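The values are calculated or read from the model by the stated rules, or taken from the named source; none is laboratory data. Fair warning: this is a prediction, and the values are worked out from it, not measured in the lab. Reconstructed Cβ throughout: ideal geometry from the backbone, glycine too, with neighbour counts over all protein chains shown.
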Amino acid sequence: MEPYPGVFVSRVSAETWEPDPEVGGDMHVLCSLDGAESGLSRFTQPTEPIRWTLPARETILILEGAARIEIEEGSVLELTAGDIASLPAGARTTWHLTTPFKEFWVIT
């Protein structure tokens with residue numbers, strides 16, 4: 001919701017979700033403006049590993065569940081609720097999710 005120009009407000013318990021065609025699950029976009037995007041992603045059912053090449057830097061905050069993120073030719077991140085991580089543009093990753101899973105993300 002944009003109550004004032006350039007001001008965006010939502011809740012972690014957002015009611016409006018749409019399918020995420022790139023990685024599956026559902027997403028709730030808070031805003032997409034000035035070359036940056038932010039929002040929520042959720043997976044309610046178990047899923048196969050998700051391969052995702054980051055189009056830009058992505059910073060995430062895990063809100064529910066857990067993620068094991070394998071970074072090609074790099075490290076493995078083990079993240080649980082409350083953890084924050086930031087991954088560089090172009091990183092080739094494989095995500096193994098423990099569901100239900102929910103994250104807040106910012107892509108810049």
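Values as computed for the structure displayed
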{"item": "Where a residue in the stretch 1-16 is under 22 Å from Phe101 (Cα atoms) and without any contact (Cβ under 8 Å) to a residue 60 or more places away in the chain and its partner, wherever it lies, is part of a strand (DSSP E or B) and not acidic (Asp, Glu), with Cβ under 7 Å and at least six apart", "result": "Ser10/His28; Ser10/Leu30; Ala14/His28; Ala14/Leu40; Thr16/His28"}
{"item": "Failed condition for Asp83, given (1) out of contact with any Pro (no Cβ under 6 Å at 6 or more places or on another chain); (2) touching a residue at least 40 places away in the same chain (Cβ under 8 Å)", "result": "(2)"}
{"item": "Residue under evaluation Leu40, criteria (1) of a type in the set (A, V, I, L, M); (2) under 11 Å from the mean Cα position of the chain (by Cα); (3) over 29 Å from Gly6 (Cβ atoms), criterion not met", "result": "(3)"}
{"item": "Residues (in contact with a Gly (Cβ under 9 Å, 6 or more places away or on another chain) and under 23 Å from Glu72 (Cβ atoms)) located in the stretch 1-55", "result": "Ser41, Phe43, Thr47, Glu48, Ile50, Thr53, Leu54, Pro55"}
{"item": "Among the residues listed as Pro19, Pro5, the single one being over 23 Å from Arg68 (Cβ atoms) and at pLDDT below 90", "result": "Pro5"}
{"item": "Segments classed as strands (runs of 3 or more DSSP E), wholly inside the stretch 14-108, with at least 3 members that are surrounded by 17 or more Cβ atoms within 10 Å (Cβ to Cβ)", "result": "26-33, 36-43, 58-71, 92-107"}
{"item": "Residue that is in contact (Cβ under 8 Å) with a residue 24 or more places away in the chain, under 16 Å from Thr108 (Cβ atoms) and among the charged types (D, E, K, R), where the choices are Glu22, Glu37, Glu70, Glu64", "result": "Glu37"}
{"item": "Looking only at the stretch 82-95, and only at residues there that are of a type outside the set (Val, Ile, Thr) and within 13 Å of the chain's Cα centre (by Cα), the one that is nearest to Pro46 (Cα to Cα)", "result": "Trp95"}
